[in-house]
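In what follows, a structure is listed as structure tokens, so that the remarks can point back to it.
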Amino acid sequence: MTTKMINRTAAPDLQIPETVSLGAYRQLTLGNGVPVYIADNNTEDVVKIELCFPAGRWYEPSPMLSRAVCRLLTKGTSRFSSKELADRIEFYGASVETANGHDYTSVKIFSLGKYLPEIMPLVGEMLQDASMPPEELQLFQKKQLQKLQVGLRNTDFVANRTMHAALFGDQHPYGYAVDADMIRALDTTSMRNFSRQHYQPGLATVFLSGNITDATIQELERSVGSQTAEPITGAHQRSLHSAEEQQILVPNAESVQSSIRIASLTIGKDHPDYAPLNVANTVLGGYFGSRLMSNIREDKGYTYGIYSLIRHHHNGSYFVIDTEVGNEVCRAAVDEIYAEMKQLAEVPVDNNELTVVRNYMLGSLIRATDGSFNRIQVIRNMVMSGLDFEYFDRLVTAVQRTRPEQIQELAGKYLDPTKQKEIICGQPI
Amino acid sequence: MINYNKFTLDNGLTVLVNEDFGTQIAAVDVLYKVGARNETADKTGFAHLFEHLMFGGSVNAPDFDTELQLAGGTNNAFTTNDLTNYYDVLPVNNIETALWLESDRMLHLDFSERSLDVQRNVVCEEFKEHYINRPYGDVWHKLREMVYTTHPYRWPTIGLELDHIREAKLSDVESFFYSWYRPNNAILSISGGISTAKALELAEKWFGDIPAGVQPERIIPQEPAQSAARFKKVEADVPVNLVYQVWHMDGRNGSGYYAQNLLSDVLGNGESSRLYQSLKMEQQLFTDISAYVSGSMDTGMFVVSGKLADGVSYEEGNAAITRELKKLQSEGCGDRELQRVKNMVETDLAGSYMNALNKAQGLAMAEMLGNADLVNTEIDMYTAVTATDMDAAASLLFREDQCSTMFYGK
């Protein structure tokens, strides 16, 4: 066989897109004013419906309530037990799942389009008439207690909860660490009250993806769009108290690894610096080729992985570097982390590295919008963070235009090693 | 429905292409038909260690990740007991970068002591993080070594012990590469906004000159039929005790696979499943219980696993599982139950191929099983299962002398 050998020494020419667009989406409003965002794809007859509600931790009158209500929402109505609901939904191969977050919670319906008329009335019933059965609460409590016990043995879990408390304060909805008493104190009456108020269909924001037809919208009108909501009562003013101490060590004698978190409160997506700061964060630890990963994993072999990220919440965002390392190299790893942060503020990023980061980030934005299931998540994240659709374009522009000296400046301002909380859980030697 | 075309290059590389002009990206998936089942008992964890080394650079592209990131792409890889899979996702305009990188490392990976050193450490930390430092981290080590006496499925992909990884030598690494990482043992699958003709032309351009290899003769020792029940108690200081019952089942291409898989759904997939309703909700013996299959190429595992509720003994929980299985054997599975699990599979499969990467990977996996068209026809296999097939599967699987039982905890 003779094959012409090709020149492999030079990389193929690259074309980096000048613009990245979010792709096709539609918007409409249900009869009761509920906003609906749609990203279609009709190759298969599957539909994803996500209903978001203002029912996250931020709105809780008491700890754990948000999670408990969210989990029990699908576990019974006045008419049906959890078994009957599961039977009816699963028979059609569909699923109705819930997820709780700091600010909002989601009810996610996944079904073949042809079965939505069987599924959506049940969802409507859950929203308006969830019964929060006591036996379901008991099961939930049992499971949460078990989970807590397991989690407390895990350095990763303990480091995270210690960090949240250190950043926001242990009384703050974003900061409190769940304990057994909070789980035991849950009661079905408060849960029913919370669900009646926070899961009114009229409070929903709806995201649709997959094969969306007129019939889908009609089903939605019937189950979600027919009643207007009463406004939510109760003030939600919370004061934030970060921990005094800068270094926190939680010993764990059994552990062969230590979990490290280097974290600080930071700006949210609505701040003009957020988009360029995101670029700086990517250089530091936001992708596989990042400085932290190159240094601490690829060069030193201290860890399986290390990342930095900015987590946005409505009422308080934070920056965190997150890794698990061998106990014996824990101190060395922390020192390297600080050195990388310092370096970012002191020395301008060279153009080659910045080009890699830019291209990687633009590619990420393109990938994030591939397929309607992915695209709708980008849309949901923007809408639920209270942003307009120009945010996506601003992000693209920031990625294209951020300059080395700007990264230096932002690193100095927001990623200063002397202003971080340092949380270590494990057995550092 | 995924439309695709299949080609074979002269060197034996299988090429699959799915055109999808609805996207600006391309997914490039390279599957090597080698996994932990191809390892020997004294050098376990090798296929997975090798996966890490594949990112250590090749002769013309010393830095795989940077080149791909420069092209706006991302990549990752995973190793299972049966296969090793690498994938790249990037703007379709830059697809050649992925093909250049993947073909260069298939042609000549740049082996070095330095890269081996670093990746040995990284994998050792991965071993510690996931299998030692975590409660229940060694469950699959313990379970596999009981369920399999002979087949290399006896060990998980991370390997039997840290020392096998610590002792890996550069010469082992090279011989592994030239045995298994040849084009005739690989599948290249492409999905994205590119024409089939163009994709094939580029595949030929970048992969066509890689010499074929000689397939190693190693024959995987198959697991003999089990002749007696097995039992193991693992003492572990964990907060929640676990019960496992495991049976041997058909491999992915076995005639009984589809019915057996549906049977696991009847028992333990979803809140209306039998084990969930009876043992968790009604009797409250478990706080979590499920049934699932390993989906392996060779003799697989049909697993029932449950977390015991506080104060419930292992024996009590275990006996309750056995009662449910016997009940299923004696009364059979009802029509509505069968329809439920078929509907669940239908929804699942319909939602499985919604982006370029899922399509490229789905095609490659199906081709590894022998027929890429399974991505479109698998649903028919499930639909064709009858109540009689289900009964036959239940009576074949759940025989007392075929069970491996493990109690894990205090």
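The values are calculated or read from the model by the stated rules, or taken from the named source; none is laboratory data. Everything numeric in this text was worked out from a predicted model, so none of it was measured. Reconstructed Cβ throughout: ideal geometry from the backbone, glycine too, with neighbour counts over all protein chains shown. Areas reflect the complete protein model, heavy atoms only, side chains present, ligands, DNA and RNA absent. Shrake-Rupley method; radii C 1.70, N 1.55, O 1.52, S 1.80 Å.
Values as computed for the structure displayed
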item	result
Subset of region B:59-78 (residues that are facing chain A (nearest Cβ under 9 Å) and assigned to a strand (DSSP E or B))	B:Thr74, B:Asn75, B:Asn76
Close pairs (9 angstrom Cβ cut-off, 6 or more residues apart or separate chains): among the small types (Gly, Ala, Ser) in region A:135-152, in a helix (DSSP H, G or I) anywhere	A:Gly151/A:Phe157; A:Gly151/A:Val158; A:Gly151/A:Arg161
Residue that is more than 7 Å from every other protein chain (Cβ to nearest Cβ) and closer than 18 Å to B:Leu31 by Cα, where the choices are B:Arg105, B:Arg114	B:Arg105
Those residues of region B:268-293 which are in contact (Cβ under 8 Å) with a residue 40 or more places away in the chain and either at the interface with another protein chain (Cβ under 9 Å from one of its Cβ atoms) or farther than 13 Å from B:Ala320 by Cβ (or both), in sequence order	B:Asn269, B:Gly270, B:Ser272, B:Thr287, B:Val293
Sole exception among (1) assigned to a loop (DSSP other than H, G, I, E, B); (2) open to solvent by less than 20 Å² (accessible area, probe 1.4 Å); (3) of a type outside the set (Ser, Thr, Tyr) for A:Val36, by number	(1)
Unique match (being out of contact with any Cys (no Cβ under 6 Å at 6 or more places or on another chain) and either surrounded by fewer than 21 Cβ atoms within 10 Å (Cβ to Cβ) or without any contact (Cβ under 8 Å) to a residue 24 or more places away in the chain (or both)) among B:Thr44, B:Thr40	B:Thr40
Members of region A:143-159 found to be touching a strand residue (DSSP E or B) at 6+ places or on another chain (Cβ under 7 Å) and open to solvent by less than 60 Å² (accessible area, probe 1.4 Å), listed by number	A:Gln146, A:Thr155, A:Asp156, A:Val158, A:Ala159
Condition check for B:Asp42: in a loop (DSSP other than H, G, I, E, B) and of a type in the set (D, E, K, R)	yes
Any hit, region A:82-100, residues being over 30 Å from B:Ala61 (Cβ atoms), within 24 Å of the chain's Cα centre (by Cα) and either among the aromatic types (Phe, Trp, Tyr) or more than 14 Å from chain B (Cβ to nearest Cβ) (or both)	yes
Test: B:Met106 is of a type in the set (A, V, I, L, M, F, W, C) and crowded, with 20+ Cβ neighbours inside 10 Å	yes
Scope region A:323-341; condition buried (at least 20 other Cβ atoms within 10 Å of the Cβ) and either within 14 Å of another protein chain (Cβ to nearest Cβ) or of a type in the set (A, V, I, L, M) (or both); matching residues	A:Thr323, A:Glu324, A:Val325, A:Gly326, A:Val329, A:Cys330, A:Ala333, A:Val334, A:Ile337, A:Met341
One residue from B:Pro156, B:Pro152 being more than 30 Å from B:Glu19 (Cα to Cα), in contact with a His (Cβ under 7 Å, 6 or more places away or on another chain) and touching a residue at least 40 places away in the same chain (Cβ under 8 Å)	B:Pro156
Restricting region A:366-400 to residues that are at the interface with another protein chain (Cβ under 9 Å from one of its Cβ atoms) and open to solvent by 20 Å² or more (accessible area, probe 1.4 Å), the residue that is farthest from B:Pro91 (Cα to Cα)	A:Phe373
Scope region A:349-365; condition closer than 13 Å to B:Gly72 by Cβ and open to solvent by less than 30 Å² (accessible area, probe 1.4 Å); matching residues	A:Val356, A:Val357, A:Asn359, A:Met361, A:Leu362, A:Gly363, A:Leu365
All positions within region B:359-410 that are free of Cβ contacts under 8 Å to residues at least 12 places away in the same chain and either touching a Cys at 6+ places or on another chain (Cβ under 7 Å) or in a helix (DSSP H, G or I) (or both)	B:Leu374, B:Thr377, B:Asp380, B:Thr388
Exclusive hit being more than 26 Å from A:Lys48 (Cβ to Cβ) and outside any helix (DSSP H, G or I), set A:Asp388, A:Asp322	A:Asp322
Candidate set from region B:27-55 (those that are more than 10 Å from chain A (Cβ to nearest Cβ) and of a type in the set (Gly, Ala, Ser)); member that is farthest from A:Glu298 (Cα to Cα)	B:Ala41
Number of the exception - B:Arg340 against (1) assigned to a helix (DSSP H, G or I); (2) more than 7 Å from chain A (Cβ to nearest Cβ); (3) more than 25 Å from B:Leu143 (Cβ to Cβ); (4) touching a residue at least 60 places away in the same chain (Cβ under 8 Å)	(2)
Selection from region B:109-127 of residues that are open to solvent by 30 Å² or more (accessible area, probe 1.4 Å) and in a helix (DSSP H, G or I)	B:Glu113, B:Arg114, B:Asp117, B:Arg120, B:Asn121
Count of region B:291-332 residues which are more than 30 Å from B:Val34 (Cβ to Cβ) and open to solvent by 20 Å² or more (accessible area, probe 1.4 Å)	17
Qualifying residue in region B:79-89 (condition: on the phi < 0 side of the Ramachandran plot, more than 22 Å from the chain's Cα centre (by Cα) and at the interface with another protein chain (Cβ under 7 Å from one of its Cβ atoms))	no
Evaluation of A:Gly23 against (1) on the phi < 0 side of the Ramachandran plot; (2) open to solvent by less than 50 Å² (accessible area, probe 1.4 Å); (3) not β-branched (Val, Ile, Thr) (one fails), failing number	(1)
Scan of region A:176-232 for residues that are in a loop (DSSP other than H, G, I, E, B), of a type in the set (Val, Ile, Thr) and open to solvent by less than 70 Å² (accessible area, probe 1.4 Å), ordered by number	A:Val178, A:Ile212, A:Thr213, A:Val224, A:Ile232
Odd one out for A:Asn193 among (1) touching a residue at least 24 places away in the same chain (Cβ under 8 Å); (2) in the same structural domain as A:Ser62 (by TED's automatic domain parsing); (3) out of contact with any Leu (no Cβ under 8 Å at 6 or more places or on another chain)	(1)
Count of residues meeting criterion [farther than 25 Å from A:Asn252 by Cβ and either part of a helix (DSSP H, G or I) or more than 21 Å from the chain's Cα centre (by Cα) (or both)] in region B:133-162	8
Residue within region A:192-199 that is touching a Phe, Trp or Tyr at 6+ places or on another chain (Cβ under 9 Å) and closer than 30 Å to A:Arg26 by Cβ present	yes
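Table: residues versus (1) touching an Asp or Glu at 6+ places or on another chain (Cβ under 8 Å); (2) farther than 21 Å from B:Trp180 by Cβ.
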| site | (1), (2) |
| --- | --- |
| B:Leu9 | yes, no |
| B:Val17 | no, yes |
| B:Thr23 | yes, yes |
| B:Ala26 | no, yes |
| B:Met54 | no, no |
| B:Thr66 | no, yes |
| B:Leu70 | no, yes |
